[in-house]
Amino acid sequence: MTLSRNPLPTVDELGAPASLRYSSSLSSILLDKTVSFPGTDCLIKSNVPLSTLTSFQVGGPAEWYVAPQTVQELQMSLAWAVEREIPITLLGAGSNLLISDRGLPGLVVGTRYLKQMIFDEETGQLTVGAGTMLPLLAQRVAKRGWRGLEWAVGIPGTVGGSVVMNAGAHGGCISDILVEVQVLNMDGTCEVLTADQLAYRYRTSNLQGGGRLVTQATFQMQPGFDPIEVRRDTDYHLNQRHSTQPYDRPSCGSVFRNPGEYKAGWLIEQAGLKGYQIGGAKVAERHANFILNCGEATATDIFRLIHHVQRRVEQQWSLHLEPEVRILGDFQAA
């Protein structure tokens with residue numbers, strides 16, 4: 001995808017970009033709370049439940065929500081929020097998030113429709129939209145006989161989120177294969193960054209909290225292998241993940257980063273916390289670094305359980321467990 005480097009649209013007398021027009025008169029906006037983009041099917045909607053858009057299946061509503069299908073729609077959505085000086089939250093697959101029961105103020109931008117996929121047979125490079133799911137991508141490249149993403153097949157996140165978090169598993173991670181990433185700044189300008197510019201470390205990069213949205217990424221793959229062999233190795237990683245981690249209940253995957261040479265799950269297990277439960281949230285018995293929504297959990301239940309686990313592990317091991325899950329919204333009353 002070629003990103004537009006045009007300046008943001010001008011602002012009209014209502015404070016909206018000139019290329020945006022509300023779906024009806026200003027008085028009716030206050031009733032239906034919907035903003036439309038002329039010439040597109042993209043809508044900014046109000047009061048959208050976020051529990052249906054996260055793997056924990058908890059959390060309150062977004063004040064405003066939009067799911068653009070193109071970078072141009074994305075630029076217009078950001079312009080709309082910037083002009084109103086409201087906060088912007090980026091949401092991919094929602095697989096590494098805990099959102100407050102009170103929801104999120106401002107505009108939540110879903111990237112799940114940015115899904116283009118371009119294979120360059122000459123260079124072995126793969127360019128993928130930020131909303132593409134990693135398991136799907138791993139399976140697609142395996143079928144072509146391209147190596148490099150076998151480890152990613154069990155990670156339930158998007159390309160955009162994996163680039164920001166430096167996702168990894170089974171000895172592999174995003175920073176090993178990333179060539180460059182295209183990002184959209186909050187002022188609507190676009191830029192291309194190489195992997196060396198992202199200050200990658202274990203499960204983190206300088207894209208976190210930096211006001212930049214990943215729109216697509218280019219990876220260096222290894223083409224030319226037997227597709228049957230690559231698919232076998234990919235399936236092995238998937239089966240290994242499913243045999244050691246719980247997938248029968250909603251969760252966010254691993255809750256905590258591993259502190260140094262220690263495994264967070266082992267520390268939690270040794271603290272006697274497997275099966276420990278607060279409300280509807282429970283430390284998984286199969287893998288202690290998972291917290292499960294047992295059906296009636298609230299975000300506050302999960303938040304309290306995270307802090308309980310941190311306190312117990314710190315008391316026993318003098319080690320602080322840093323959450324890998326992103327915690328968003330107001331939890332002050334928890």
Counting DSSP beta bridges with both ends in segment 66-199, the antiparallel % (nearest 5): 70
Spelling it out for Ala62: with amide H atoms placed in the peptide plane at 1.01 Å from N, the residues 5 or more places away or on another chain with amide H under 5 Å from its amide H are Val48, Leu50, Leu104
Which value at 222 nm does the chain reach when only helices count, each DSSP H run of 4 or more adding -39,500 (n - 2.57), with the total divided by all residues and rounded to the nearest 500 deg cm²/dmol? -7500 deg cm²/dmol
Taking 8 Å as the Cα distance limit and 6 or more residues as the minimum spacing, I'd like the relative contact order of the chain as a percentage. 16
Antiparallel DSSP beta bridges within the chain, percent to nearest 5: 80
For the chain, please report how many Lys pairs fall under 22 Å Cα to Cα, leaving out neighbours fewer than 8 apart on the same chain. 6
For segment 277-294, Karplus-derived ³J(HN,Hα) couplings (6.51, -1.76, 1.60; θ = phi - 60°; whole Hz; x for glycine and proline) come out as 9, 10, x, x, 9, 9, 5, 5, 7, 6, 8, 6, 8, 10, 10, 10, 8, 7
Applying the gyration tensor rule to the Cα atoms of segment 224-334 (axes a ≥ b ≥ c; rounded if a/c under 1.5, else prolate if a/b exceeds b/c, else oblate), the class is prolate
Per residue of segment 246-262, what does 6.51 cos²θ - 1.76 cosθ + 1.60 with θ = phi - 60° give for ³J(HN,Hα)? Whole Hz please, x for Gly and Pro, Karplus curve as stated. x, 10, 8, 10, x, 7, 10, x, 5, 7, 10, 6, 6, x, x, 7, 8
Can you pull the percent of segment 122-237's accessible area that's carbon plus sulfur, 1.4 Å probe, other chains left in place? 49
At 1.4 Å probe size, put Val128, Val82 in order of accessible surface, largest to smallest. Val82, Val128
Segment 132-250: relative contact order in percent, alpha carbon pairs under 8 Å with at least 6 residues between: 34
May I ask you to give the solvent-accessible area per residue for the chain, in square angstrom, as obtained with a 1.4 angstrom probe? 45
Just by accessible area at a 1.4 angstrom probe, what is the order of Thr194, Thr204 from largest to smallest? Thr194, Thr204
Is the shape of segment 165-283 rounded, prolate or oblate, going by the alpha carbon gyration tensor and its root eigenvalues a ≥ b ≥ c, with a/c under 1.5 for rounded and a/b larger than b/c for prolate? oblate
Which residue, His242, Val35, Gln75, has the largest displacement toward the positive end of the dipole of the chain when charges sit on each Cβ (Lys, Arg +1; Asp, Glu -1)? His242
Extending each Cα 7 Å along its Cβ direction at Arg286 and Lys45, get the distance between those two points in nm, one decimal. 3.2
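The values are calculated or read from the model by the stated rules, or taken from the named source; none is laboratory data. Predicted model, so just to flag it, every value in this text is computed and none were measured. As a convention, Cβ positions derive from the backbone with ideal geometry for all residues, glycine included, and neighbour counts pool all protein chains shown. With ligands, DNA and RNA removed, areas are computed over all heavy atoms of the protein, side chains included. Shrake-Rupley method; radii C 1.70, N 1.55, O 1.52, S 1.80 Å.
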